[in-house]
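Worksheet: the structure to be examined is printed underneath.
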Amino acid sequence: MKASEEKSYPGVLSSAWHCKCPRCRRGNMFEGPILSFTARQMRPVCPHCDLQFEKEPGYFYVAMYVSYVFVVAQLVTACVATYILTGNAESPWLYLSVAAAAVILLAPFNYRYSRVVLLYWMTPIFKFRPELYRNHHREPQVHQKTEA
Ligand SMILES: [Zn+2]
């Protein structure tokens, strides 16, 4: 019974990828999907468990450092890939264009997932609490669901 209960909630990577609340893995951290007009609007509290995402004022400044790490990794990858694919060792403009395109195209990803990484792996008090995930189901059919 315990094994089936443990499997009844999503894993940490799946929850992080879908930008779910780190504590209950139910509520969405953002108002809309990554490619929408509301993609950058972060909810102040989790709609499922009322967790306040911004732990203290200015907490999301820390996400800038995570974002910085993302951008450096992406720029190095993009420029090395450009060198491997084109063999260009002459013109800096090719690398500058590729770097600018990579930064612009990946900005929505970096904005969102720098906060996800901050809340999931750099904020120990936001630990996952399975009882909050399960409390969504108040009907007794939960156990029948896993058996059927
Ligand atoms: Zn929550």
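Every number here is computed from the coordinates shown, using simple stated rules; none is lab data. Please read all numbers here as calculations on a predicted model, not as lab measurements. As a convention, Cβ positions derive from the backbone with ideal geometry for all residues, glycine included, and neighbour counts pool all protein chains shown.
The table for this structure:
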{"item": "Tally, over region 34-49, of residues that are surrounded by 12 or more Cβ atoms within 10 Å (Cβ to Cβ) and in a loop (DSSP other than H, G, I, E, B)", "result": "9"}
{"item": "Of residues in region 4-59 being basic (Lys, Arg) and near the ligand (Cβ under 9 Å from one of its atoms), the one nearest to Arg115 (Cα to Cα)", "result": "Lys20"}
{"item": "Neighbours by Cβ (under 7 Å, 6+ apart or cross-chain): first from region 23-49, over 23 Å from Phe128 (Cβ atoms); second near the ligand (Cβ under 8 Å from one of its atoms) and of a type in the set (Val, Ile, Thr)", "result": "none"}
